[in-house]
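The values are calculated or read from the model by the stated rules, or taken from the named source; none is laboratory data. Quick caveat: nothing in here was measured; it's all calculated off a predicted structure. Here Cβ is always computed from backbone atoms with ideal geometry, including for glycine, and neighbour counts include all displayed protein chains.
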Amino acid sequence: MTRIVKIFASIMMSACYLTMITGCGNPSIQEADIAKTSLSGNFSGKTFTVKSGSVSKAGSDYIFTLRNYEWKCTGNTQGPPADALLVSFSSLNKKAGLETITLGSQHAASLQEGVGSSANQAKTTPVESGLLRLDNWSEKVGESIKGALLFKAENIQVNGTFTATICK
């Protein structure tokens with residue numbers, strides 16, 4: 001019996017080692033995996049298509065919010081619709097280039113459903129894995145940052161290009 005336990009422990013240690021190396025069957029996302037079309041995807045069976053994007057400064061962080069409804073930096077007269085879907089994240093590098101997104105990273109990447117409905121219906125799901133590419137960087141209000149991303153979470157995936165306007 002002891003020999004069986006040792007063999008099992010050895011197999012488990014090998015599996016843990018392989019998980020660290022390979023991501024346990026979850027191959028890392030490559031830049032080539034990012035779609036060249038406008039950001040879209042699936043939120044737990046709901047279709048997401050980006051219609052607007054903004055970047056807001058919070059302290060030293062730049063928070064990106066990509067929405068499935070029209071929204072401007074100023075002059076909005078209504079809140080989000082009941083079926084609002086959001087993709088939000090912050091850029092840590094604050095420059096053009098690639099950034100890997102992982103669960104628990106300081107990017108605080110999340111996917112939000114029902115933001116315009118009552119608070120008890122809103123649902124935030126953290127991004128488990130992803131890749132963010134910023135094509136340019138600016139900190140000037142009114143300018144735009146273009147990029148692309150592929151974010152994955154439980155029952156959710158969004159993939160494609162976006163443009164986000166820098167707000168105050």
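Okay, here's what the table says:
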quantity	calculated
So E113, is it under 21 Å from W71 (Cβ atoms), loosely packed, with under 14 Cβ neighbours inside 10 Å and not aliphatic (A, V, I, L, M)	no
Residue in the range 54-61 that is touching a Gly at 6+ places or on another chain (Cβ under 7 Å) and either in a strand (DSSP E or B) or surrounded by 13 or more Cβ atoms within 10 Å (Cβ to Cβ) (or both) present	no
Scan of the range 70-102 for residues that are modelled with pLDDT of 85 or more, surrounded by 12 or more Cβ atoms within 10 Å (Cβ to Cβ) and either out of contact with any strand residue (DSSP E or B) (no Cβ under 7 Å at 6 or more places or on another chain) or of a type in the set (A, V, I, L, M) (or both), ordered by number	P80, P81, A84, L85, L86, V87, A96, L98, I101
L66 vs. criteria in a strand (DSSP E or B) and at pLDDT below 95	no
Test: K36 is of a type outside the set (G, A, S), modelled with pLDDT of 90 or more and loosely packed, with under 10 Cβ neighbours inside 10 Å	yes
Residue in the range 114-168 that is nearest to N93 (Cα to Cα), counting only those that are hydroxyl-bearing (S, T, Y) and under 11 Å from the mean Cα position of the chain (by Cα)	S129
